[in-house]
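Take a look at the structure below.
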Amino acid sequence: MNWDNREDVLVFVEQKEGGAVKVGLEALGPAQVLAGLTGGKVIGLVMGEDNAAAVDKVSVLCDEVISVEDENFKDGNNDALTYGLEKIVEKVNPAAILAGNTPLGRELTARLGKRLGLGSAQDVIDLKTEGDQILWTVPVYGGTVLNDIELKTLPLMATVRSGAFSKPEEKQKAEIVTETVEVPEEEIRSKVVDSVKEISEAVNLEEAKVIVTGGRGMGSKENYHLVEELADLLGGVVGATRPAIEDEWVSRDHQVGQSGKIVSPALYIACGVSGATQHVTGMTNSGYIVAINKDEDAPIFDVADVGIVGDVMKVIPVMIEEIKKRKEE
Amino acid sequence: MDILLCLKQVPDDSVEIYLKPGTEEVDLDNVTNVVNAFDTYALEMATRFKEAVGGEITAVSVGPEEARNAIKNSLAVGADKGYLISDPAFENADTLGRSEIIAAAIKQLEDERGKPFDVIFCGREATDRATGQFGPQLAETLGTGIICDLVDIEQTDEGIRGKQETEEGYHLVESVTPCVVTVNKPPYDPRYPTIKSKMAARKMKIPVLSAAELEGAEAGEPNVEIIKVYEPAKREAGIKIQEETVEDSAVKAVEMMAEAKVL
Ligand SMILES: Cc1cc2nc3c(=O)[nH]c(=O)nc-3n(C[C@H](O)[C@H](O)[C@H](O)COP(=O)(O)OP(=O)(O)OC[C@H]3O[C@@H](n4cnc5c(N)ncnc54)[C@H](O)[C@@H]3O)c2cc1C
């Protein structure tokens, strides 16, 4: 492939609360594959108010870190972050630009795409190199169809789905280059005036080994406690469908699916969940799926290893008792 | 507030879409087109915003004649005017191309009205390809501000303040107008039209804007090529347990889970 004198692969690693976001670190994995083709370096780019912790994490996973520190680049100031990324891209002249498929990753790549006239692959779940061809696998129609797409412009640009790639092996600490980018005032049109944290507990669905999800079929917030009890018993995390969140039985960071988290635990138990595509697309890569639904024709049974036809309020308590018994044995 | 609303039609996302067996062709034969869910949320938010602060909503959509339905539906709910942006030359436009076409239409409409739109609403993503690129690219093309993923919006002295959903809570983001906003699922559902409002919408004219009327509107060369279309490996459905009593079913399920060593 003709890289047009470009060789490095630039990865924008997003920060949250002073740390590197996991999917940003994961993007360094496919970056390494691409750098193998171009013969260049993997450069991790960290932009923020205080980069120390993130730079530390990134520096052992790539060949060079560029750190741009300024209060302009605080979380949410996307106009400044877009400008900063554009300037660093000008400087590095990369062969490819990668980021995590987070709201910020999507916005930055979209805006840069317009500024530089670039196509991009969004929410990439696989990267294939076949001879001279680089193919990015992206889900369409909520994941029932996949496309392998080729990008026609350079630098290549993509965002990767959380959990789709593994971060590279740790190695020796890379060189850290500090850059400054002055953001002209006229670049800033919108500004974050307040950041509110509504969700205090840290829900880590993406790394959970066991997830117990309650859907609308749980019927009420009170009944939802059964889902929590079963999750606790199994050392797992509580998941939810969109209706369960809209009814305020559980906070929205528990959502599994297209507009929630894409998860792949060893065990997934779906209680009173119908199995809509938008939900199933988020959990179909689970190791073992158990579904409880009173409707024997519910689509969730099509993806379940074990389906129990019955009322959640009757089934879950018996399951809890049975599992307790086995644990005591 | 003068509001512009961008609508896109997509295959009904409550239907599971697959390929025609043995082909790389997506089977859309029995799938009707609907307004993208996130655009319906944008319409509802725009309508509530208009009701709160006054103003007017103009709805536009790029697409074939059939996309007229999307606009008609919006006129029956909250939009005041609608335009269909349609031309065979626009058919293969990708997201970037579509944002350029809509930007050209917006400029044209602004020239005709003699004033700019204050806020341009669109959905956070379309449910078919879900790339979320359109809103930010439209803002870049127009040279306006952009706030993504709003679940609420209000007017300020200088422009707007939006509640932007984040993983842990929300940001309050202020922007000068004109500004593009993309809308996530707010805590309410879109309203339905009434028979009366539907009848009224049916009578309203929806002019067509074609390439000839839109200076600088070009679909452009797509920057992305689809090489292969296929379905992911399917999960096999397992066993469905329906014993005499629910208790028996539950006991059996736990047994199977224990055998599979997932407990
Ligand atoms: C753009 C868009 C994005 C979306 N994103 C997501 C997403 O990320 N995640 C998500 O989950 N949804 C999402 N949705 C919503 C999705 O389409 C479905 O509406 C939702 O997943 C259904 O949730 P549910 O299964 O809990 O409810 P329902 O579909 O109402 O199903 C409830 C089920 O419970 C069963 N049931 C009822 N009572 C009992 C009982 N006593 N015992 C046992 N079973 C019982 C019923 O038989 C039924 O199957 C999205 C929708 C749109 C349009």
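The values are calculated or read from the model by the stated rules, or taken from the named source; none is laboratory data. Not measured: the values here are computed from a predicted model. Using ideal geometry, Cβ is built from the backbone for each residue, glycine included, and neighbour counts are taken over all protein chains shown. Each accessible area value is taken on the protein alone, full model and side chains, heavy atoms only, with ligands, DNA and RNA left out. Shrake-Rupley method; radii C 1.70, N 1.55, O 1.52, S 1.80 Å.
Summary table below
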item: Chymotrypsin sites (Phe, Trp or Tyr not before Pro) restricted to DSSP loop in the range B:1-63 with at most 14 other C-beta within 10 Å; result: B:TYR18
item: Linear extension gain, B:GLU158 paired with B:ALA258, 0.36 nm per residue minus alpha-carbon span; result: 29.8 nm
item: Among the listed pairs A:LYS327/B:LYS261; A:LYS74/A:LYS167; A:LYS22/A:LYS167; A:LYS128/A:LYS173, those beyond 18 Å (Cα-Cα); result: A:LYS74/A:LYS167; A:LYS128/A:LYS173
item: Lone cysteines, the protein assembly as shown (no partner Cβ under 4.7 Å); result: A:CYS62, A:CYS271, B:CYS148, B:CYS179
item: FRET efficiency for B:LYS240 and A:THR129, using Cβ-Cβ distance with R0 set to 30 Å, rounded to 0.05; result: 0.10
item: Solvent-accessible surface ranking, highest first, for A:ILE134, B:ILE195 at 1.4 angstrom; result: B:ILE195, A:ILE134
item: Distance in nm between pseudo-label sites at A:LYS197 and A:ARG216 (7 Å out along the Cβ direction from Cα); result: 3.4 nm
item: Acute angle (nearest 10 degrees) that the helix A:221-233 long axis makes with the longest principal axis of chain A, alpha-carbon atoms; result: 80 degrees
item: All aspartates and glutamates inside 15 Å of B:LYS240 as judged from Cα atoms, apart from same-chain residues fewer than 8 positions distant; result: A:ASP295, A:GLU296, A:ASP297, A:ASP302, A:ASP305, A:ASP311, B:ASP248, B:GLU255
item: The protein assembly as shown shape via C-alpha gyration tensor axes, a/c threshold 1.5; result: oblate
item: Mean-position separation - Cα centroids, the range A:245-267 and the range A:1-63, in angstrom; result: 28 Å
item: Helical mean residue ellipticity (222 nm; -39500 (n - 2.57) per DSSP H run of 4+; nearest 500) of chain B; result: -9000 deg cm²/dmol
item: Filtered GluC sites (Glu not before Pro), the range B:91-176: DSSP coil and at most 12 other beta carbons within 10 Å; result: B:GLU91, B:GLU158
item: Rel. contact order, % - alpha carbon contacts under 8 angstrom, at least six apart, chain A; result: 14 percent
item: Theoretical ellipticity at 222 nm over chain A - DSSP helices of four or more residues, -39500 (n - 2.57) apiece, nearest 500; result: -8500 deg cm²/dmol
item: Distance in nm between pseudo-label sites at B:ILE195 and A:GLU170 (7 Å out along the Cβ direction from Cα); result: 7.0 nm
item: Loop-resident sites, the range A:84-142, for GluC sites (Glu not before Pro), counting at most 11 other Cβ within 10 Å (DSSP); result: none
item: Length-normalised contact order for chain B - Cα pairs under 8 Å, 6+ apart - percent; result: 23 percent
item: Relative contact order, percent, the range B:56-107 [alpha-carbon distance under 8 Å, six or more residues apart]; result: 39 percent
item: Rounded accessible area of B:VAL208 (nearest 10 Å², 1.4 Å probe); result: 60 Å²
item: Phi to ³J(HN,Hα) by Karplus 6.51 cos²θ - 1.76 cosθ + 1.60 over the range B:90-104, Hz, x for Gly, Pro; result: 8, 4, 9, 5, 8, 4, 4, x, 5, 5, 5, 5, 5, 4, 5
